[in-house]
Amino acid sequence: IEALAERVGAELVWEPVLLGGILRAVGSPDVPASRYAPARVAIEDANLVHQAELRGAPLSRHPRHPLRTLDAMRLITSAPPATRPALSRALFEAYHVENRDITDRSELAAIAADHGLDLDAIDDPDVKADLRRRTEHAVSLGIFGVPTLWARTDRHPEGRFWWGVDRLHIAEAALMGATTRDAAPAPLDRDGAVPRSPPPLPVSAPARVELYHDFSSPFSYLASTQARRITEEHGATLVWRPMLLGALFRDIGAPMVPLHTMPPAKARYMLTDLHDWSAWWGVPFSFPSCFPVRTITALRAALVEPRLTPVLYAALWVDGQDIGDDEVLARVIRHAGFDDEAILAATRTPAVKDALRANTEAAARIGACGAPTWRIIGPSTDGPPLPDLVIWGQDRADVIHAALEGWRPQPR
């Protein structure tokens, strides 16, 4: 983050806040993952490892995570602004690398002393009030989690924010006046926020990528616009795996429409984020008024004729057509130059119904928790066979690139 600020010529201000206070203010549980399906917890934990390893950042999950950080955040608040960056890094390292108990005042006192601070300051009423004020201000900006980067840009002189370390490339480009991948300066003209990848391994046979998706997901739509380009860059084979997202959610114990269960502040940001990604990749996007959409027949149609996949995604997420309506679906198929009667008749056959069910069951078996889910099989290298890698999200193309070059996370 400091290197980003230096590259764009911006002043970086470290703002301590209480995450628990933010979460309670926006209507989220203190530990959001406590409401996640086990499959999502597992895939989120794996993604954290992927992001850390590809950045070369040491990471060791604390056995007592999450720890209460109130005193640590008060310590940062009490510090002079010039001291906060180094102090914050020291506390991050103590917690997430060394696994020290930062709820223990003796541990905090030692860290405070290393930075010329007196731990007694955390009991000062003015420090406590200052941290509350900063937290309340973050909520007033619409912030619902951390890390969040807030900045003013030419397009948003009033200010806007980006949530998550995996959005830093979009934020950096925006601070340079670019909103698209094509207009972003190198090395930002890439598919994600990971700043470096390991050297590619010699590949003797390209990978196979299975993309589990459902037309009902806007994130799947965005992934569909880039999947062929990404796989073709590495000579990989792309296999579309239509699945019933609702059935997957039911099987793993997830809410049927996750967007409707989010705190309003997060739901609003998710819509902004979708537009950020559509702009980044230069693809049209419009959230349809008919959402949520019943997609079972459309998914079966894509199994019958895979070339319909981009057609049906565009019909829903660009043109706003309700592909859950049989008449609309038939018209979309017909206008794309296909035999709608034959395709829709095939969707009613047991073989096609069984194939969609099998894809959905396979998604659950590999640990999918949503759409899109990518299963990377291979590539073949000079070394031992690589384990399959399961990746969730349209925003993980940087990890997919690394996986297609033979990277895998270290066993833990």
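The values are calculated or read from the model by the stated rules, or taken from the named source; none is laboratory data. The structure displayed is predicted, hence computed values, not measured ones. So basically every Cβ, Gly included, is an ideal-geometry build from the backbone, and we count neighbours across all protein chains shown.
Tell me which residues, restricted to segment 90-146, are in contact (Cβ under 8 Å) with a residue 60 or more places away in the chain and not in a helix (DSSP H, G or I).
Taking segment 90-146 and keeping what is in contact (Cβ under 8 Å) with a residue 60 or more places away in the chain, we get 131-132, 134-136, 138-139, 142-146.
Correct list: GLY142, ILE143, PHE144, GLY145, VAL146.
Going through segment 307-330 one residue at a time, which ones are in a loop (DSSP other than H, G, I, E, B) and over 23 Å from the mean Cα position of the chain (by Cα)?
Initial filter on segment 307-330 (in a loop (DSSP other than H, G, I, E, B)): 318-325.
Matches in segment 307-330: ASP319, GLY320, GLN321, ASP322, ILE323, GLY324, ASP325.
Look through segment 1-19, keep the residues that are touching a residue at least 24 places away in the same chain (Cβ under 8 Å) and assigned to a helix (DSSP H, G or I), and return whichever of them is surrounded by the most Cβ atoms within 10 Å (Cβ to Cβ).
First, pick out the residues of segment 1-19 that are touching a residue at least 24 places away in the same chain (Cβ under 8 Å): 1-2, 4, 7-8, 10, 12-19.
Still in the running and assigned to a helix (DSSP H, G or I): 2, 4, 7-8, 19.
Numbers: GLU2: 10, LEU4: 16, ARG7: 13, VAL8: 17, LEU19: 19.
Taking the candidates together, the pick is LEU19.
Please enumerate the residues belonging to segment 35-45 that are buried (at least 17 other Cβ atoms within 10 Å of the Cβ) and either in contact with a strand residue (DSSP E or B) (Cβ under 7 Å, 6 or more places away or on another chain) or part of a helix (DSSP H, G or I) (or both). Give the steps one after another, and end with the answer.
Keep residues of segment 35-45 that are buried (at least 17 other Cβ atoms within 10 Å of the Cβ), which gives 36-37, 39-40, 43.
If the condition is that a residue be buried (at least 17 other Cβ atoms within 10 Å of the Cβ) and either in contact with a strand residue (DSSP E or B) (Cβ under 7 Å, 6 or more places away or on another chain) or part of a helix (DSSP H, G or I) (or both), then ALA39, ARG40, ILE43 are the ones that fit.
How many of the residues in segment 17-31 are more than 22 Å from LEU75 (Cβ to Cβ), modelled with pLDDT under 95 and touching a helix residue (DSSP H, G or I) at 6+ places or on another chain (Cβ under 7 Å)?
1
Just to check your reading of the model, which residue among GLY177, GLY235, GLY159 is farther than 29 Å from CYS290 by Cα, among the small types (Gly, Ala, Ser) and modelled with pLDDT under 95? Before the answer, list the steps.
Working: GLY235 fails: modelled with pLDDT under 95; GLY159 fails: modelled with pLDDT under 95.
Just one listed residue meets the conditions, GLY177.
Please identify the pairs in which a residue from segment 348-363 that is assigned by TED's automatic domain parsing to the domain that holds THR295 and surrounded by 13 or more Cβ atoms within 10 Å (Cβ to Cβ) has its Cβ atom under 8 Å from the Cβ atom of a residue that is part of a helix (DSSP H, G or I) and β-branched (Val, Ile, Thr), counting only partners at least 6 apart or on another chain.
VAL352/VAL304; LEU356/ILE296
Out of THR179, THR225, THR231, I need the residue that is in contact (Cβ under 8 Å) with a residue 60 or more places away in the chain, under 13 Å from ASP398 (Cα atoms) and of a type in the set (S, T, N, Q). Which one? Show your work before the answer.
Working: THR179 fails: under 13 Å from ASP398 (Cα atoms); THR225 fails: under 13 Å from ASP398 (Cα atoms).
Matching residue, one of THR179, THR225, THR231: THR231.
Identify all residues within segment 254-306 that are of a type in the set (Val, Ile, Thr), in a helix (DSSP H, G or I) and within 25 Å of VAL328 (Cβ to Cβ); write none if there are none. Let's see the steps before the verdict.
As a first pass, look at segment 254-306 and keep what is of a type in the set (Val, Ile, Thr): 257, 261, 272, 283, 293, 295-297, 304.
Cutting the leftovers down to in a helix (DSSP H, G or I) gives us 261, 272, 296-297, 304.
Passing the criteria: ILE296, THR297, VAL304.
The rows are residues; the columns are (1) under 18 Å from ALA363 (Cα atoms); (2) buried (at least 22 other Cβ atoms within 10 Å of the Cβ); (3) not assigned by TED's automatic domain parsing to the domain that holds GLY378.
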| position | (1), (2), (3) |
| --- | --- |
| ALA223 | yes, yes, no |
| GLU232 | no, no, no |
| TRP240 | yes, no, no |
| MET256 | yes, no, no |
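Kindly indicate the residue of segment 64-78 that is charged (D, E, K, R) and in a loop (DSSP other than H, G, I, E, B) and also surrounded by the most Cβ atoms within 10 Å (Cβ to Cβ) among those meeting that condition. Give the derivation first.
Restricting attention to segment 64-78, the residues satisfying the condition of being charged (D, E, K, R) are 64, 68, 71, 74.
Now restrict to residues that are in a loop (DSSP other than H, G, I, E, B): 64, 68.
Details: ARG64: 10, ARG68: 12.
For segment 64-78, the residue satisfying everything is ARG68.
When you go through (1) without any contact (Cβ under 8 Å) to a residue 60 or more places away in the chain; (2) more than 19 Å from the chain's Cα centre (by Cα); (3) assigned to a loop (DSSP other than H, G, I, E, B) one by one for PRO81, which number turns out not to apply?
For PRO81, the failing item is (1).
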